[in-house]
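Accompanying notes for the structure given below.
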Amino acid sequence: MTRSPTTERLKADAEGISRAAAILSEGGLVAFPTETVYGLGADARNDEAVAAIFEAKGRPSFNPLIVHVANTEAARRIGILPETAESLVAEGWPKALTLVVPVREGSDLSPRVTAGQKSVALRVPLSDVAQALLVAFDGPIAAPSANPSGRVSSTTAEHVLVGLGGRIDAVIDGGPTEAGLESTIVSFLEPEPVLLREGTASVEIEELKRFTTPTATDRPISPGQLASHYAPRATIRLNATEAREGETLIGFGPISGDLTLSASGDLNEAARKLFALLHEADRAGVTKLAVAPIPEEGIGRAINDRLRRAAAPRDA
Ligand code: TXA
Ligand code: MG
């Protein structure tokens, strides 16, 4: 399918979902909301469609994609879930959780999805729109976050259009996403599960708590966990208690700023707003951002992870 110069903006209703499923079936690219962030979806079995994701995002081909499926059964058809993983999903796939497991032999995934590895990242998104799309499409959807590689993730259809408009076929507008930060990624390739990325699920799942506090030095990383990521145009100074000359301050709790993550110090509210504020700063042409300290607890760990990467030195 050739990329259309204009990106269709679809409503999150039955007609929009069925149009989106048809585009995916033809090998097109459709951005869609999940409970975490917007994903840029393609048929995970279609080699050309998956290649088009990497092209639209400018994503390095060594960085594998998460495969989204409708339910645990569909996940088991693609990956081999060890017992520890099975126990996590026994009562339904937890919200915002991605599991890295061995690929099942004979799975019909495009090899580009896993970047040639023998493992696959699997996720069952629970938002109504993502579920409806997976049911209508009736197949696995490969989807990274819907943003140009290295930039800020999208939590609204507007963010998607600003970053990828004209380079993808459609976006389903389901409004702002519920959580605002990406899924938690846990690897089950070793006997003990390993946390690969802090995310929205870490605070919600009891079983995850015991392995969600790795030290910074011994933490294995996902191929995509590059130092600079989630970067707005502005430079970022962390743990700021006040704005210096020329800076726009993002406040939290008692530190009030020009923009605010959460005046009441609510970490979930801060997670929901973080990427939206970074997009807003870009839109306003801000060149220097300073961000108030965020407590390193619960989802605050995921917020700080994103902020550290957003603040990291960039090549370009
Ligand atoms: O919430 C989310 O996870 C969103 C929504 C759209 O599902 N997706 C997302 O995808 O954040 P992406 O591509 O931006 O980040 C996925 C991360 C990357 O760091 C990638 O390297 C890692 O998952 N990953 C994918 N497959 C992997 C694998 N087989 N082994 C290890 N890491 C993997
Ligand atoms: Mg991403």
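Overview of results
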{"quantity": "Ranking of Y38, Y230 by count of other Cβ atoms within 10 Å, fewest first", "calculated": "Y230, Y38"}
{"quantity": "Charge dipole of segment 1-105 about the Cα centre (unit charges at C-beta), most positive-ward option of I80, P64, A90", "calculated": "P64"}
{"quantity": "Segment 224-316 - percent relative contact order, Cα under 8 Å, separation 6 or more", "calculated": "43 percent"}
{"quantity": "Beta bridges by DSSP in the chain, antiparallel share as percent, to the nearest 5", "calculated": "45 percent"}
{"quantity": "Helical contribution to [θ] at 222 nm, DSSP H n ≥ 4, -39,500 (n - 2.57), averaged over the chain, rounded to 500", "calculated": "-8000 deg cm²/dmol"}
{"quantity": "Kirkwood hydrodynamic radius over Cα pairs of segment 1-67, then Stokes diffusion coefficient at 20 °C and 1.002 mPa s, in µm²/s", "calculated": "170 µm²/s"}
{"quantity": "Rounded to the nearest 20 debye, dipole of the chain from Cβ charges on Lys, Arg, Asp, Glu", "calculated": "860 debye"}
{"quantity": "GluC sites (Glu not before Pro) lying in DSSP loop within segment 1-64, provided at most 12 other Cβ fall within 10 Å", "calculated": "E26"}
{"quantity": "Over the chain: Rg over Rh, Cα atoms, Kirkwood Rh", "calculated": "0.95"}
{"quantity": "Degrees between helix 128-137 axis and first principal axis of the chain (Cα, 0 to 90, nearest 10)", "calculated": "30 degrees"}
{"quantity": "Cα extents of segment 1-123 along the three principal axes, largest first (Å)", "calculated": "46, 32, 23"}
{"quantity": "Proximal lysines relative to K273, as straight alpha-carbon distance under 21 Å, when same-chain residues fewer than 8 apart are discounted", "calculated": "K95, K288"}
{"quantity": "Length-normalised contact order for the chain - Cα pairs under 8 Å, 6+ apart - percent", "calculated": "21 percent"}
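Every number in this text was worked out from the coordinates using simple rules, so none of it is lab data. This is a predicted model, so every value here is computed, not measured. Glycine also receives a Cβ, built like all others from the backbone with ideal geometry; neighbour counts cover every protein chain displayed.
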